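Take a look at the structure below.
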Amino acid sequence: MFEEQKVAKNKKILEDHKKVGKKLIPPMMYSVPLQETNYIEELLPEIIWMGLIHDELGYHKGIDIIRAFIKSASDSYTSENYINFSLASNLRKLADHEKEKFVQKLIKNELYLDVSELLAPLVYFYDDSPFSFLNKKVDLSISEEKELLEKLKTSIDRLFDRYDTPSVVAQLNVFYTRVLDGKISFPMGMDIPDFNALIDDPHSDEANKAAGFVRNSVKSEYMFEFTKHDSSWATSFWNQSYKLDKCEFER
């Protein structure tokens with residue numbers, strides 16, 4: 001599922017890093033001003049859509065759907081500026097004609113109906129959701145609305161702790177999207193953790209190693225994104241969530 005990636009030939013390992021004391025600082029950490037992020041307030045709203053898919057389909061099938069969704073979005077984007085479409089807010093950067101193209105790709109690949117249903121809580125309950133263009137709001141019965149709300153609450157609860165498997169696997173999608181897009185590569189001989197262990201053996205030492213690697217990578221990427229990132233969705237998500245129901249999560 002997750003294959004080892006190679007570094008480009010003739011590229012000197014760590015040549016663009018800056019040494020500060022005994023630490024090597026990657027270029028994205030010193031080339032732009034960065035701000036610390038809060039996982040719950042800022043990142044969880046960006047990955048909740050993947051949590052909804054994982055909860056409904058499981059990790060293996062869910063990851064396949066998520067990758068196909070992200071690729072369709074990326075293939076519909078015409079700018080040369082790179083965007084990681086695993087982060088929900090980045091869908092807002094698609095122009096109207098690109099969104100239309102995106103929808104057509106989902107329809108052609110027989111993904112549109114499934115994705116629309118899986119992400120229904122984000123379309124139904126939230127104004128200005130990044131996914132609003134995928135579906136139209138409809139009138140639901142009380143029981144149907146309650147069912148959607150329970151799915152949403154369950155996903156939020158499962159993602160609430162960034163150290164738990166549901167959160168780590170969602171973050172893995174963010175990290176691995178960048179790998180698949182060729183924006184991250186690993187030096188030859190680097191001790192790369194087995195990312196499959198996060199799903200196949202989540203309590204193992206190898207999974208713990210992979211989880212730490214993923215969390216640090218996503219935190220660094222999001223800190224980099226945050227300097228040019230529109231955080232209005234995250235703010236809107238929580239402001240609207242507080243009005244939906246009592247916020248009683250065990251964690």
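Peptides 186-195, 71-80, 154-163 ordered by packing proxy, namely the average of other Cβ atoms within 10 Å per residue, highest first: 154-163, 71-80, 186-195. Residue 215 sits among other residues whose Cβ lies under 12 Å from its own Cβ, and their net charge, with Lys and Arg +1 and Asp and Glu -1, is 0. The shape of the range 167-213 comes out oblate: with a ≥ b ≥ c from the C-alpha gyration tensor, a/c is at least 1.5 while a/b does not beat b/c.
For the range 79-137, with only Lys/Arg (+1) and Asp/Glu (-1) charged at the beta-carbon, what is the dipole magnitude about the Cα centre, in debye rounded to 20?
With Lys and Arg at +1 and Asp and Glu at -1, about 60 debye.
Is the range 113-186 rounded, prolate or oblate when judged by the Cα gyration tensor, a ≥ b ≥ c being the square roots of its eigenvalues, rounded requiring a/c under 1.5 and prolate requiring a/b larger than b/c? It is oblate, given that a/c is not under 1.5 and a/b is not larger than b/c. Per-residue packing, averaged as other Cβ atoms within 10 Å, sorts the ranges 140-153, 85-98, 42-55 into the order 42-55, 85-98, 140-153, beginning with the highest. Of the listed residues 108, 183, the order by accessible area with a 1.4 Å probe, largest first, is 108, 183.
The values are calculated or read from the model by the stated rules, or taken from the named source; none is laboratory data. Just so it is clear, the structure is predicted and the values come from calculations on it, not from any experiment. When we count neighbours, we look across all protein chains shown, and the Cβ atoms used for this are built from the backbone with ideal geometry, even at glycine. To get the accessible areas, we keep the full protein, side chains included, count just its heavy atoms, and leave off ligands, DNA and RNA. Shrake-Rupley method; radii C 1.70, N 1.55, O 1.52, S 1.80 Å.
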